[in-house]
Amino acid sequence: MSGVLVIAEQRRGELRPVSLELIGAAESLRRDGDSVAVALLAPSPGTLIEPLKLAGVDEIVAVKVAASEFDPDTFESAVSALIAERKPDVVLVAHSVDSFGFAAALAAKLGLGFATDVFKVERQDGELVATRGGYGQKVNVEVDFPGRTTVLLALRGNVFKPPEQRGSPLVTEFSAPPVSSRSTGREFVELAATDDVDMTAAEFILTIGRGIGEEAKVAQFKELADAIGATLGCSRPIADAGWLPKSRQVGQSGKTASACKLYIAMGVSGAIQHLAGMKHVATIVAVNSDAEASIFGVAKYGIVGDIFEISEELRRCF
Amino acid sequence: MSRTDAVTRILFEAFPTVEVRLFYVLGYTAIAVFLYGVYVQIRKYRRGAALKLEGSIYSRLLDMTVKVLDQRTVARRDAAAGGAHRLIFYGFVLLFLGTATITLQYDILEPLFGIRFWHGEFYLIFSLVLDIAGIAMLAGLLYMMYRRGWLKPPKLDYARPDRAAGDADFERPQYRREDWAFLWTLVVIGATGYLLEAARLVWLEARPDVWDTRWWSPVGALIAEGLQRLGLDAHGGGVLRLSLWWFHGILALVFIALIPFTKVKHIFTAAASLMVRDPLAAQRLPRVPENQAAPGVAKITDFNWKQLLNLDACTKCGRCHEACPARAVGAPLSPRDVILSLREFANASLQSGKLPEAAELDVHGKSSGQVAQETLWSCRTCMACVEICPVAVEHVPIIVQMRRKLVEDGAMDPILTKTLQTIHKTGNSFGESKRKRGAWSKSLPFKIKDARKEPVEVLWFVGDYASFDPRNQKVTQTFATLLHEAGVDFGILYDGESNAGNDVRRVGEEGLYEVLAGANIAALEGASFKTIVTTDPHSYNTIRNEYPDFGGKYEIQHYTSFLKQLFAAGKLKVEQPVKRRATFHDPCHLGRFNKGYEAPRELLKLLGCELVEMGRCRDNSFCCGAGGGRIWIPDPVGTEKPAQNRIREAAAIPGLEVYVVSCPKDLTMFEDALKTTGNEGKFVVKELIELIREAVPAPRAEAALA
Amino acid sequence: MKIMVAVKQVAALDEDFEIGEDGRDVSEDFLIRDLNEWDDFSLEEAVKIKEASAQAVEVIAVTVAPESADEALRKCLAKGADRALRVWDESAQGSDSIAIARILAAVAKAESVDLVFAGVQSSDHSFASTGIATGALLGWPHAAVVSALDYSPGSKSAVFRRELEGGLLHEVEIQCPAVLTIQLGINTPRYASLRSIKQAAAKPIEVKTLSDLSLGKGDVGASGSHSRVRRMYIPDKSRAELIEGDPAQQAQRLAQIIREFKGDAA
């Protein structure tokens, strides 16, 4: 077994950026003589191929499948065939909603070594060692895969760096075996934004989390956000409870604060799903009464204190 | 026999026999209707669940008799109404006794044994007393009419916060009609009684023993003079007397017959309610009976007979409505309207021969007579209602038992649900690990004994808020230091202590309460101590009053009594008096629940504070709003909180410097309210312990710590 | 029809926890166990289907764990599950998601269930794999991250929405029987009063062994797993620079940071 096979992700005709991160990771796992191939599953590869032409990619395999969007049976069948033909020793997918739908099934059926939400992967003495979190991300766990000739890893997003240089890989086609899928994708549904805010464009965000306690307290932080000139955002529990519209939710199933440069998180514990949406921000300030809150692990500045007091005092400064 | 000796009133004088018989028929009919009415009421109460009363029936009877005779409960917080009601009550009772006396002789003693006593001097004094009684009653009634019609005190306003205009039972015009009908009926009975008396006098003006002794019935005599001036002669008097006799008689009989069907029944139901009251009604809630299928009250028949009686005892006096902190801030709860709704429901469903289907007996909901969830969840279980009710209605247990059903159904605010799950998991409402319960003590320069491991004299039950809330932890540390300096041999249970459960019980999660009480009692049983002290009034209440029901009986004091003893024994000395103008907020669970009004005041006096009382103090203290689980339920956006209402009351005291509390929840609520009402900087909120610390400075070596 | 809900009693770390001597897991003393948050939602979804259905639906809560997990199963019974089933054998110690899935698939077959629910992931180790692996081992259609579900018992298909990144939803129709992993927020889990939990304690928890399910030691534990834990360690936490002082001072420093940022932006 040799070589790294990367399964790219696409949705609604666009390549998902995490695919490029997988390539970066693949590069670090390449051994002498290994090749790195990126598989793209789509009815017609079209414009999806271009962004994949990065340094380190030896081959782009355009896999022709009937389903235009992700479908478990399609992916399992196609990737299974790819593995059977190419015999890679590592298969990389993103730890994403799509891969939740098929990766474990593939690993179970084919007897692959398997680990998910991996944020570090390396070879130690020739053996593949993956590191993931444990007990709510409070510990790190190193796993290996004795006796498994092929290992499937689902890598955490926003961790691995895509290659910076462009490349000119070979582009080949692969005919996936026909599959009668047992599920049919219908439409995509966007949640109606009830206000015009675009969290992905905001440069300065003030986010509130579970720590605010009750809906009545939202108003005070709205005022504060206005006073300091920030866009008000929230973590999942606040949006689920209906205290703020879903359009203001930052996190994995919410928005990514892509343009943000200054992020103040008040009463946010820092669950991994929220961090996914903001930990890349250059300056993060966390305010939380719990000194052990995970948010302090990604923040540049921290205040361990009562968010209501700090909010009032801060209001006074503006 | 002298003339005066013979003087008496001949009953049915000049009546044809058929009329006398007719009167007796009407009389017995009235009594029969009355008895039937009583039967319907009693049948209604018996349709409720069973209940065994505690205590001897004789002491209950005595207690009730005293209360009814001196009418003390009606005079509370409304001296004028108390005075007027006393007049009505004594007047009515005397008049009733008068009639009963006449009946005794006329229908029983004279015909059966030939005994006559109602004549001569006795008769004359009797007449005078009854005339005065009648005036007293009329005076009282007229004042009440003035009160209702002109003074219109807010507590008599039947506008209700738990319904909106358009709801079927929003307007209750029948209440007003009944109130006025009651007043007018009695006034008319009284007035016609005097007129009748006067008419008889004019009719019998030629009879010397009647006419010459007429001033023993002064009111009648006065009116008689007036009637004669108007030209009434003896014959006219006779006609007037006869017609008034029948009018007055029939009106009175109708009144009696209708007693069980109208507000007038409170004569009996109020007395009965007082007799069957539970002196610890809100302080000690009832357990869920073993054999009960589902906990709490779902149907009207799940209430016990005493509670159904309570519903009928209510006279709509409005004192509970006035005292309720939730109602005061506009929440959809009035204790009065909970009781009245349920009463209407009980009357509609339980007074006919056949009992309706179970589905029609559901008391939860928004239809006529039902109680809505928001109403039940608004209650702070502060027991202001129970404490002030003149007829011993027990609102709080009724509300809590209805909450038990809501909890079983999961019909709660999501934050409350989460809190209950958190308390179950970690034993505290903060979600902190059990191990951290004693963490507040780590920064102290001395080690507090672990009462689980070694015997102590005083076991200090700290409580959730005092252990985990950062602001309250400071107070807890200060108290620990004071005890240490006073040389008290004390210890705490560390992680052996769980939330005492007082509020969990009042939320209605009885199962979780049993788990918490069981855990705490097991920890206490495993420890060795003489007495328990606590800084938390909620824990104090449940350990003192409710734990015995679960096998844990301990001597327990609130810190105010305990510190008072330490001062008295000289173990703590005031060295720097705190000469500040202060007001004291009686915490519900220490003050009203357990009558602990004096110790904190004596301490404040000892410290040198100038104590200025707020209008609503002691038994009338206004709850901070955190009780009954409300500290775990968010308040609707934009409404006033009880704590804000209370702080505004304090802010009206000129020159106030300190608002003193002695409960962790009070400290939290009032410090917050101080800011949100814009009173920050005008005065401060302080725990009594903190003031004591100021007055009793730490010994030099540990001065840095204070 | 029968719905099987796979549940897990997860472990959260207590204060001052320690890694055990073998360096591969945290000592038992420091673990606080509770029912997985996702399982509240998947169980509620199953019970809702049962309550809305005219035909009889049996909800079976299943877990692969030692006796300490009975508490979590009792909670499931209190919340509306009809039966609770636990599978355990010492050899299952150290099973990864796929080994667990093997056992769950065997239970699903033995019980002839019609639908399998699992949570998207568990709050302790977040593999996000067990449910889908079970689907593969059963050979059933499967889907993950279901945030809305429309299914009538007896129907040959179900329509659901999967919750994608960024809050986008994808509506899908899937053939049944199927395995679905359920996402948070799909419903509002009901409260199980302590009384109902106590009453549930009277109900039996069925315990099955591997041989009951025709599984051998090789199917589970380390031999049945597709990964192996080499080492567990506490990572060095990168710490934020803490702003000290009283709230007013802290707020002032923060205001300064904000102004500096705006100065840059302006």
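The values are calculated or read from the model by the stated rules, or taken from the named source; none is laboratory data. Model, not experiment: these values are computed from the prediction. Using ideal geometry, Cβ is built from the backbone for each residue, glycine included, and neighbour counts are taken over all protein chains shown.
Data for the structure
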quantity: Which listed residue, of B:Leu590, B:Leu607, B:Leu603, is assigned by TED's automatic domain parsing to the domain that holds B:Cys624, farther than 26 Å from B:Ala323 by Cβ and surrounded by 24 or more Cβ atoms within 10 Å (Cβ to Cβ); calculated: B:Leu603
quantity: Residue in region A:183-231 that is surrounded by the fewest Cβ atoms within 10 Å (Cβ to Cβ), counting only those that are among the polar types (S, T, N, Q) and more than 9 Å from every other protein chain (Cβ to nearest Cβ); calculated: A:Thr194
quantity: Matching option when the condition is in contact with a Ser or Thr (Cβ under 7 Å, 6 or more places away or on another chain) and under 30 Å from C:Arg161 (Cβ atoms), among A:Gly101, A:Gly136; calculated: A:Gly136
quantity: Strands (runs of 3 or more DSSP E) wholly inside region C:1-89 containing at least 3 residues that are under 28 Å from A:Lys138 (Cα atoms) and within 14 Å of another protein chain (Cβ to nearest Cβ); calculated: C:9-13, C:31-35
quantity: Residue among C:Ile205, C:Ile257, C:Ile243 that alone is surrounded by 14 or more Cβ atoms within 10 Å (Cβ to Cβ) and more than 8 Å from every other protein chain (Cβ to nearest Cβ); calculated: C:Ile205
quantity: Tabulated pairs, region B:337-361, first without any contact (Cβ under 8 Å) to a residue 24 or more places away in the chain, second surrounded by fewer than 23 Cβ atoms within 10 Å (Cβ to Cβ) and not acidic (Asp, Glu), C-beta under 6 angstrom, 6+ apart or interchain; calculated: B:Pro356/B:Ser349
quantity: Hey, A:Ala286 in contact with a helix residue (DSSP H, G or I) (Cβ under 9 Å, 6 or more places away or on another chain), small (Gly, Ala, Ser) and at pLDDT 90 or above or not; calculated: yes
quantity: Test for C:Ser238: is it in a helix (DSSP H, G or I) and either at pLDDT below 90 or within 14 Å of chain B (Cβ to nearest Cβ) (or both); calculated: no
quantity: Criterion (assigned to a loop (DSSP other than H, G, I, E, B), of a type in the set (A, V, I, L, M, F, W, C) and surrounded by fewer than 18 Cβ atoms within 10 Å (Cβ to Cβ)) met by exactly one of B:Ala359, B:Ala392, B:Ala439, B:Ala411; calculated: B:Ala411
quantity: Within region B:168-269, helices (runs of 4 or more DSSP H) holding 3 or more residues that are surrounded by 17 or more Cβ atoms within 10 Å (Cβ to Cβ), free of Cβ contacts under 8 Å to residues at least 12 places away in the same chain and in the same structural domain as B:Val391 (by TED's automatic domain parsing); calculated: none
quantity: Any hit, region B:648-668, residues being without any contact (Cβ under 8 Å) to a residue 40 or more places away in the chain, in a helix (DSSP H, G or I), in contact with a Cys (Cβ under 8 Å, 6 or more places away or on another chain) and closer than 14 Å to B:His585 by Cβ; calculated: no
quantity: Strands (runs of 3 or more DSSP E) contained in region A:74-124 and holding at least 3 residues surrounded by 24 or more Cβ atoms within 10 Å (Cβ to Cβ) and at the interface with another protein chain (Cβ under 8 Å from one of its Cβ atoms); calculated: A:113-118
quantity: Region C:148-163 - residue that is touching a helix residue (DSSP H, G or I) at 6+ places or on another chain (Cβ under 8 Å) and facing chain A (nearest Cβ under 8 Å) and, of those, surrounded by the most Cβ atoms within 10 Å (Cβ to Cβ); calculated: C:Arg162
quantity: Unmet requirement for B:Lys447, which otherwise passes all of (1) in contact with a helix residue (DSSP H, G or I) (Cβ under 9 Å, 6 or more places away or on another chain); (2) free of Cβ contacts under 8 Å to residues at least 12 places away in the same chain; (3) within 14 Å of chain C (Cβ to nearest Cβ); calculated: (3)
quantity: Identity of the residue in region A:146-165, at pLDDT below 95 and either part of a strand (DSSP E or B) or among the hydrophobic types (A, V, I, L, M, F, W, C) (or both), that ends up farthest from the chain's Cα centre (by Cα); calculated: A:Phe160
quantity: So A:Gly136, is it crowded, with 16+ Cβ neighbours inside 10 Å and at positive phi; calculated: yes
quantity: So C:Gly166, is it without any contact (Cβ under 8 Å) to a residue 60 or more places away in the chain and at the interface with chain A (Cβ under 7 Å from one of its Cβ atoms); calculated: yes
quantity: Residue match in region C:221-231 (condition: within 27 Å of A:Ala115 (Cβ to Cβ), part of a loop (DSSP other than H, G, I, E, B) and either within 14 Å of chain B (Cβ to nearest Cβ) or among the charged types (D, E, K, R) (or both)); calculated: no
quantity: Qualifying residue in region B:458-466 (condition: in a loop (DSSP other than H, G, I, E, B) and away from chain C (no Cβ under 14 Å)); calculated: yes
quantity: Region A:272-312, subset under 24 Å from the mean Cα position of the chain (by Cα), surrounded by fewer than 19 Cβ atoms within 10 Å (Cβ to Cβ) and of a type in the set (S, T, N, Q), residue farthest from the other protein chains (Cβ to nearest Cβ); calculated: A:Gln273
quantity: One residue from C:Val116, C:Val120, C:Val145 being under 22 Å from C:Glu171 (Cα atoms), in contact (Cβ under 8 Å) with a residue 60 or more places away in the chain and at the interface with chain A (Cβ under 8 Å from one of its Cβ atoms); calculated: C:Val120
quantity: Search result, residues across region B:25-39 that are more than 23 Å from B:Asn347 (Cβ to Cβ), touching a helix residue (DSSP H, G or I) at 6+ places or on another chain (Cβ under 9 Å) and not aliphatic (A, V, I, L, M); calculated: B:Gly27, B:Thr29
quantity: Residue in region C:25-39 that is surrounded by fewer than 24 Cβ atoms within 10 Å (Cβ to Cβ), free of Cβ contacts under 8 Å to residues at least 24 places away in the same chain and in contact with a Gly (Cβ under 6 Å, 6 or more places away or on another chain) present; calculated: yes
quantity: Filtered residues of region C:189-202 (kept if among the basic types (Lys, Arg) and either more than 8 Å from every other protein chain (Cβ to nearest Cβ) or in contact (Cβ under 8 Å) with a residue 40 or more places away in the chain (or both)); calculated: C:Arg190
